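Student: Dropping a structure here in structure tokens format, bear with me for questions.
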Amino acid sequence: MIAIDSVNDKEAEVADYIASLFTPYKDREDVEIQQIPYTPGRNNLVVTIGKGSKILGFSGHEDVVDAGDLSAWDSDPYKAEIRDGKLYGRGATDMKGGLAALVIMMLEFLEADNTPGKIRLLATVGEETGEYGAAQLTREGYADGLAGLIIAEPCDEMQEIGISAKGVIDYTVTASGKGAHSSKPDEGVNAIDHLIDFANEVRSLMAKFDKVDPVLGKLTHVQSVFHGGEQINSVPSKAKMKGNIRTIPAYPNQVVFDALDRLIDQLNQKSGYDLNIQYIFPEEAVSGDSDSSLVRLIKSVHAQIYSAPVKVGGKSGASDASEFLHAEGDFSIVQMGPGNHTEHQSNENIALEEFLSSY
């Protein structure tokens with residue numbers, strides 16, 4: 001899978017490869033293999049095996065982030081290489097390692113003809129850029145009625161259960177003004193000035209969201225990109241800024257949207273102001289229960305394999321859980337999978353000993 005360059009694209013090649021591993025079992029009545037296209041060349045994959053009234057779901061995403069500066073890698077990021085007990089390659093930790101562990105687990109059950117119940121694999125596209133695949137599978141009902149869902153994101157080398165996660169709101173604010181010569185600024189409308197007013201006001205607005213989640217901490221807000229103007233001797237007619245907000249369950253995304261929209265409306269009441277805000281692929285925060293039946297089950301199984309007790313905590317990064325939580329049914333979603341803290345970095349790797357113990 002690492003050899004397939006699925007940087008926000010070509011996930012169909014990953015889906016085809018995984019599906020081919022299940023093909024020898026496709027005629028069995030307890031095996032169902034479904035590819036669900038998102039766009040050409042980008043296929044989600046759903047594989048269901050076993051029998052039973054309850055379905056335990058497992059999920060992993062097929063895409064990876066860009067490898068970045070190739071000179072910073074000690075080996076080709078798209079040719080998996082084993083060195084000193086670790087496998088190196090883009091996606092080794094995030095999260096083709098976890099996805100491979102799920103696939104191997106299911107194949108071993110089929111090979112032994114001993115699947116302990118009904119299991120469903122949800123392999124998704126576009127997780128790194130907006131959870132497109134998880135949203136599609138949720139809309140089409142593939143996660144409805146699950147008994148529980150484990151997303152095999154890397155969790156401190158299988159030593160942590162992620163029961164909750166922060167949500168994400170990416171936003172863009174555009175200010176429109178009127179250009180003029182800088183020697184006659186009164187004849188123009190300075191878009192940068194108006195955008196700076198928003199930038200100052202939004203900081204104090206976001207500070208009012210001051211509740212603290214016991215696992216995830218506080219809502220955070222970062223103004224991350226700012227562009228404006230055309231040249232130094234002109235009044236800028238356009239300016240744009242982007243911000244990133246990481247939400248907590250106490251503040252659903254709609255509450256934050258409403259507050260930002262009100263601020264935009266208030267500023268636009270001023271003479272000459274023309275501000276517009278857009279939200280890009282928002283993701284809801286995920287709350288969790290540390291005493292759910294799924295968490296208790298994982299703890300029990302974990303204790304049979306590892307000497308140290310598993311930790312229960314939250315994840316600061318987003319995942320497909322933000323979309324799967326909209327599925328019908330009341331079931332727990334947790335994150336737990338092999339991998340370390342090298343995700344999105346050069347020389348991303350996974351420890352083989354840890355990986356082999358994960359399934």
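The values are calculated or read from the model by the stated rules, or taken from the named source; none is laboratory data. Predicted, not measured: the structure shown is a model, and the values here were computed from it. Glycine also receives a Cβ, built like all others from the backbone with ideal geometry; neighbour counts cover every protein chain displayed. The area values use the complete protein model at the heavy-atom level, side chains included, leaving out ligands, DNA and RNA. Shrake-Rupley method; radii C 1.70, N 1.55, O 1.52, S 1.80 Å.
Student: Among Ala180, Pro214, Phe198, whose Cα projects farthest towards the positive end of the dipole of the range 90-224, with charges put on the beta-carbon of Lys, Arg (+1) and Asp, Glu (-1)?
Tutor: About the Cα centre, the residue reaching furthest to the positive side is Ala180.
Student: Of the chain, which part is the longest with no trypsin sites (Lys or Arg not before Pro) in a loop (DSSP not H, G, I, E, B) and with at most 14 other C-beta atoms within 10 angstrom?
Tutor: 80-207
Student: Which order do you get for Asp16, Asp30, Asp170 if you rank them by accessible area with a 1.4 Å probe, largest at the top?
Tutor: Ranked list, largest accessible area first: Asp16, Asp170, Asp30.
Student: By how many degrees, 0 to 90 and rounded to 10, does the Cα axis of helix 96-112 deviate from the longest principal axis of the chain?
Tutor: On a 0 to 90 degree scale, this one is about 20.
Student: Quick one: length gained pulling Lys270 to Ile82 fully straight, 0.36 nm per residue minus the C-alpha distance?
Tutor: 61.5 nm
Student: Please get the size of the charge dipole for the chain, origin at its Cα centre, with Cβ charges of +1 on Lys and Arg and -1 on Asp and Glu, quoted in debye to the nearest 20.
Tutor: That gives the chain a dipole magnitude of about 760 debye.
Student: Heavy-atom accessible area of Val310 with all protein chains present, probe 1.4 Å, nearest 10 Å²?
Tutor: Accessible area, nearest 10 Å²: 20 Å².
Student: Which of the three applies to the range 227-359, rounded, prolate or oblate, going by the alpha-carbon gyration tensor with a ≥ b ≥ c and a/c under 1.5 meaning rounded?
Tutor: Taking the square roots of the gyration eigenvalues as a ≥ b ≥ c, the range 227-359 is oblate.
Student: Going by Cα centres, the range 29-85 and the range 253-283 are how many Å apart?
Tutor: 37 Å
Student: Let me ask something else about it. Considering every pair of different Cα atoms, what Kirkwood radius, in Å, is found for the range 1-132?
Tutor: Here the Kirkwood hydrodynamic radius works out to 15.5 Å.
Student: What's the extension gain from Lys178 to Glu328 if we count 0.36 nm per residue and subtract their Cα-Cα distance?
Tutor: 49.1 nm
Student: Which one of Gly167, Ala147, Val189 has its Cα pushed farthest toward the positive end of the charge dipole of the range 127-239, where Lys and Arg give +1 and Asp and Glu give -1 at the Cβ?
Tutor: Result: Val189.
Student: Let me ask another. Using the basic label-point model (7 angstrom from Cα toward the beta carbon), what is the Ala3 to Ala207 distance in nanometres?
Tutor: Modelled inter-label distance: 5.6 nm.
Student: Another question about this same structure. Of Asp265, Asp74, Asp144, which has the most accessible area with a 1.4 Å probe, and how do the rest follow in descending order?
Tutor: Listed by decreasing accessible area, they come as Asp74, Asp265, Asp144.
Student: Now a separate question. Could you tell me the center-to-center distance, by alpha carbons, between the range 293-359 and the range 129-207 in angstrom?
Tutor: Comparing the Cα centres of the range 293-359 and the range 129-207, I get a distance of 25 Å.
Student: In terms of modelled amide H atoms, which long-range or inter-chain residues lie less than 5 Å from the amide H of Ile36?
Tutor: For Ile36, the qualifying residues are Asn44, Leu45, Val46.
Student: With θ set to phi - 60°, apply the Karplus curve 6.51 cos²θ - 1.76 cosθ + 1.60 along the range 326-337 and write out the HN-Hα couplings as whole Hz, x wherever there is a Gly or Pro.
Tutor: Each residue of the range 326-337 in turn: 8, 5, 6, x, 9, 9, 7, 10, 10, 10, 6, x Hz.
Student: Ok, one more. Relative to the longest principal Cα axis of the chain, at what angle does helix 293-305 sit, 0 to 90 degrees, rounded to 10?
Tutor: 60 degrees
Student: Using a Debye calculation, one point per C-alpha and no hydration shell, please list log10 I(q)/I(0) for the range 97-159 at q = 0.18, 0.21 Å⁻¹ in order.
Tutor: -0.82, -1.04
Student: Place a +1 charge on the Cβ of each Lys and Arg in the range 87-159 and a -1 charge on the Cβ of each Asp and Glu, then give the dipole magnitude about the Cα centre in debye, rounded to the nearest 20.
Tutor: Charge dipole, the range 87-159, about its Cα centre: 180 debye, nearest 20.
Student: So, one more: With a 1.4 Å probe and all protein chains left in place, how much accessible area per residue does the chain have, in Å²?
Tutor: Heavy-atom accessible area per residue stands at 47 Å².
Student: Determine the relative contact order of the range 168-250: mean sequence separation of Cα pairs under 8 Å and six or more apart, normalised by residue count, in whole percent.
Tutor: 44 percent
Student: Near the amide H of Ser332, under 5 Å away, which other amide H atoms are found, from residues 5 or more places off or on another chain, if H is placed in the peptide plane?
Tutor: It is Leu149, by chain and number.
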